[in-house]
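Q: Sharing a structure below in structure tokens format, with a few things to ask.
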Amino acid sequence: MKDQRQVPDAHCGQAVVVYNVGWIYTLGNGMSNVALTRTNLMLEVTKVRRLRKTLQSRSNSEAVRRLIDERLAVEAGLQALQDLRKLGGLEDVFGRVVPRSR
């Protein structure tokens, strides 16, 4: 069976058969083709712990990557709203909102 692997057990020293195991060393979430670089950051330990707990991340790196992705998404959304405002905003086709005076 290709989904069956023998893994050494640290407690008894014998091999244990494990089924349906996939050895995955990618980032997941479609990020396997993303180029990563190692960067040293000075971060407050308590804030990183809170961030990891909040995001339920497996590592500090994953938490920081997810936070960066979220912030970039927020910035893209804000930019889209600003572009929409420059175009004149949304049209209320149902007439439910009273127009503001400018």
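Q: Answer yes or no as to whether Arg58 is in a loop (DSSP other than H, G, I, E, B) and either modelled with pLDDT of 90 or more or touching an Asp or Glu at 6+ places or on another chain (Cβ under 9 Å) (or both). Break it down stepwise before answering.
A: Values: in a loop (DSSP other than H, G, I, E, B): yes; either modelled with pLDDT of 90 or more or touching an Asp or Glu at 6+ places or on another chain (Cβ under 9 Å) (or both): yes.
Spelling it out, Arg58 is indeed in a loop (DSSP other than H, G, I, E, B) and either modelled with pLDDT of 90 or more or touching an Asp or Glu at 6+ places or on another chain (Cβ under 9 Å) (or both).
Q: If you take the residues of segment 59-92 that are of a type in the set (Lys, Arg) and surrounded by 10 or more Cβ atoms within 10 Å (Cβ to Cβ), which of them is farthest from Leu43 (Cα to Cα)?
A: Taking the candidates together, the pick is Arg85.
Q: What residue, of Val21, Val64, Val34, Val45, is modelled with pLDDT under 55 and hydrophobic (A, V, I, L, M, F, W, C)? Write out each step before concluding.
A: On the way: Val64 fails: modelled with pLDDT under 55; Val34 fails: modelled with pLDDT under 55; Val45 fails: modelled with pLDDT under 55.
Answer to the selection: Val21.
The values are calculated or read from the model by the stated rules, or taken from the named source; none is laboratory data. What you see is a predicted model, and the numbers here were worked out from it, not measured in a lab. Cβ coordinates were reconstructed from backbone atoms using ideal geometry, including for glycine residues, and neighbour counts include every protein chain displayed.
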